[in-house]
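A quick write-up on the structure given underneath.
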Amino acid sequence: MTIHKSIRVERPPATAFKAFCEEIGQWWPKGPSFNGKDLADMCIEGRIGGRFYERYSDGTEYDIGQVTAYQPPRRVAFTWRAPNWEGATQVEVRFIAEGAGTRVELEHSGWEQGEKLRDTRKGYDGGWDVMLGHYHSHVGATA
C-alpha cells in the first residue's frame, strides 16, 4: 500500500533537493489545516532527527514527523502522522540526476497499519500529485 510518484524537473539534483527541503514553505499551499488553523509555513529541519512540522498564523506548531534520512542532494526521508492516525507513515524522496535535470521519486508507505490510514491513503495519492505540481512550478521558477 505504497504511494509512488515520479516527476522530472529541469534543474540539477542539488537545486531540486534544496527546493524540496529548504524551500518547502515557499511552495506548500497555505490556508486552513486539518485542525482549522491557518497554515503559515511548512518546515523540514535539515538533519537526521530534525522535525517536519507545520507553523500556524497564530505562532503555534504541529510536529508532523521526524527526519529519518538527510543525504543532500540525493535523498530525504521523514515520518508523517496526523493526530487521528493509528501510526506514523514514511515518506522517502530521491533526487536522481537525469541528463541536465533531475528525476524526483517519492514513496509514501505505511498505510496498512489501520483502517483510518487505509481510507486516508486515497486522498494522499491525489494530494501528492497536487503538491508535486506546486513543487514543480516552484523549481521551474528557481534560477
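The values are calculated or read from the model by the stated rules, or taken from the named source; none is laboratory data. Note that the structure is predicted; figures quoted are calculated from it, not measured. A quick note on method: Cβ atoms are made from the backbone with ideal geometry, for glycine too, and the neighbour counts reach across all protein chains shown. For accessibility, only protein heavy atoms count, side chains too; no ligands or nucleic acids. Shrake-Rupley method; radii C 1.70, N 1.55, O 1.52, S 1.80 Å.
Restricting attention to the range 12-37, the residues that are outside any helix (DSSP H, G or I), open to solvent by 40 Å² or more (accessible area, probe 1.4 Å) and in contact (Cβ under 8 Å) with a residue 40 or more places away in the chain total 4. If you take the residues in the range 112-143 that are open to solvent by less than 60 Å² (accessible area, probe 1.4 Å) and not in a helix (DSSP H, G or I), which one is farthest from Ser6 (Cα to Cα)? Checking each candidate, the answer is Gly114.
For the residues Ile64, Ile7, Ile48, the requirement of being assigned to a loop (DSSP other than H, G, I, E, B) and either aliphatic (A, V, I, L, M) or open to solvent by 60 Å² or more (accessible area, probe 1.4 Å) (or both) singles out Ile48. When the test is whether a residue is within 14 Å of the chain's Cα centre (by Cα), of a type outside the set (Gly, Ala, Ser) and closer than 21 Å to Arg8 by Cα, Glu54 does not pass it. Among the conditions (1) closer than 25 Å to Glu112 by Cβ; (2) in contact with a strand residue (DSSP E or B) (Cβ under 6 Å, 6 or more places away or on another chain), the only one that Phe34 does not satisfy is (2). Summed over the range 51-61, residues that are open to solvent by 30 Å² or more (accessible area, probe 1.4 Å) and assigned to a strand (DSSP E or B) total 3.
Among the residues of the range 67-111, which ones are of a type in the set (A, V, I, L, M), in contact (Cβ under 8 Å) with a residue 60 or more places away in the chain and surrounded by fewer than 17 Cβ atoms within 10 Å (Cβ to Cβ)? Those that are of a type in the set (A, V, I, L, M), in contact (Cβ under 8 Å) with a residue 60 or more places away in the chain and surrounded by fewer than 17 Cβ atoms within 10 Å (Cβ to Cβ): Ile96, Ala97, Ala100. Look at the range 38-58: where a residue is free of Cβ contacts under 8 Å to residues at least 24 places away in the same chain and within 13 Å of Cys21 (Cβ to Cβ) and a partner is open to solvent by less than 40 Å² (accessible area, probe 1.4 Å) and of a type in the set (Phe, Trp, Tyr), sitting 6+ places away or on another chain with Cβ atoms under 6 Å, you get Met42/Trp28; Cys43/Tyr53.
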